[in-house]
Amino acid sequence: MISLITIIHFGQKYYKVSKMLTDYNLTPLSFSCKLKRIGISEFNVSHWIMIYFPDKGSGSLKKIAPDERRMMRKAYAKQLIQVVRTQGFLSLTIQDIAKAMNLSRASLYNYFSSKEDIIMELTNLCIDYINEAGQTISNEEVSYPLRFQNVFEQAVFSAVYASDIYLTDLKRSSRHLYEKKMQSRKEQLSAIHTFYRNGMNAEVFNQLNPSILIIQDETVLRKLVNTSFLVEEELSLKQALFDYYVAKKTQVLTPKYLQNTENEDINEMVETILKKLSAI
């Protein structure tokens, strides 16, 4: 039997395949011979190529439809968020990552070519969420109180997606991805700042400093999504988010609009956030 493997080869990208050569008990020379047998010289391979290798059993790599592969890459990257948020990723091995994804090491390579590829998918997942949420916050056809809920949800997910240890590791290992993430964050903060300022001009929000409101969310929510803090304070995440949202709403909304949101189902909103978090 044979199975299809995606790899990168030679030159500056040689390190990308070194682990796979080890997994298949190949030396660079024997790998080069395999390439030459199918008419490919190692000196002109600078792009992604598809090479056949002997099947290594039930966990072996296989060909997957592009749409399914894209979907599964996102799903598996989500399963890594909690680990990366608390531990970072520089110390993680491929085996650690596969375990967090509930995959065998061989199966992981069906979807990702390397550890760097996994972190890229994870980072892009975070950026895509921020961009999508930003569109809702900027949509003036939606009422300010409803968009205020969106800002709160986005702040919760930002606390989960972008911990300090993850950002530190990203900065150390991939300047390009780090700068991309920071640019996305800059645009996110600008959109939220504008939202608060416009809400104040419309007399929906109290006159407060938008930058302070943003820093407040970052500080408080990073604490609330910390399991050890919740245990210490004998709080459930649901109760913590509920209490903070009520406090934030009371702080930001003017009395007129605060009264109009008395029938707002905060429990339902928090449950929705928790369901989304549980899917990670």
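The values are calculated or read from the model by the stated rules, or taken from the named source; none is laboratory data. In this text, all values refer to a predicted model and were calculated from it rather than measured experimentally. Glycine gets a Cβ as well: all are built from the backbone with ideal geometry, and neighbour counts include every protein chain shown. Each accessible area value is taken on the protein alone, full model and side chains, heavy atoms only, with ligands, DNA and RNA left out. Shrake-Rupley method; radii C 1.70, N 1.55, O 1.52, S 1.80 Å.
Checking the stated criteria, Leu253 turns out not to satisfy the condition of being within 24 Å of Arg185 (Cβ to Cβ), open to solvent by less than 30 Å² (accessible area, probe 1.4 Å) and of a type outside the set (Asp, Glu).
In region 172-185, the residues that are touching a residue at least 60 places away in the same chain (Cβ under 8 Å) and of a type in the set (Gly, Ala, Ser) reach residues that are part of a helix (DSSP H, G or I) and open to solvent by 60 Å² or more (accessible area, probe 1.4 Å) with C-beta atoms within less than 8 angstrom, at least six apart or across chains, in these pairs: Ser173/Glu116. Taking (1) over 20 Å from the mean Cα position of the chain (by Cα); (2) loosely packed, with under 14 Cβ neighbours inside 10 Å; (3) within 18 Å of Ile130 (Cβ to Cβ); (4) not β-branched (Val, Ile, Thr) in turn, His193 satisfies each apart from (2). Can Ile94 be described as at pLDDT 90 or above and open to solvent by less than 30 Å² (accessible area, probe 1.4 Å)? Considered against the rule, which asks whether it is at pLDDT 90 or above and open to solvent by less than 30 Å² (accessible area, probe 1.4 Å), Ile94 comes out as yes. Which of the residues that make up region 198-211 are under 13 Å from Pro255 (Cα atoms) and open to solvent by 60 Å² or more (accessible area, probe 1.4 Å)? Correct list: Glu203, Gln207. Exactly one residue among Glu121, Glu116 is open to solvent by 50 Å² or more (accessible area, probe 1.4 Å), among the acidic types (Asp, Glu) and in a helix (DSSP H, G or I), and that residue is Glu116.
If you go through region 125-145 and keep only what is assigned to a helix (DSSP H, G or I), open to solvent by 40 Å² or more (accessible area, probe 1.4 Å) and not aromatic (Phe, Trp, Tyr), you end up with Asp128, Asn131, Glu132, Gln135, Thr136. Residues that are more than 28 Å from His193 (Cβ to Cβ) and either of a type in the set (Val, Ile, Thr) or open to solvent by 80 Å² or more (accessible area, probe 1.4 Å) (or both) do occur in region 212-231.
For Met71, the conditions (1) touching a helix residue (DSSP H, G or I) at 6+ places or on another chain (Cβ under 6 Å); (2) assigned to a helix (DSSP H, G or I) all hold with the exception of (1). Among the residues of region 216-246, those identified as under 17 Å from Ile266 (Cα atoms) and not aliphatic (A, V, I, L, M) are Ser236, Lys238, Gln239, Phe242, Asp243, Tyr244, Tyr245. Every listed requirement among (1) in contact (Cβ under 8 Å) with a residue 40 or more places away in the chain; (2) in contact with a Phe, Trp or Tyr (Cβ under 7 Å, 6 or more places away or on another chain) is met by Gln188 save one, (2).
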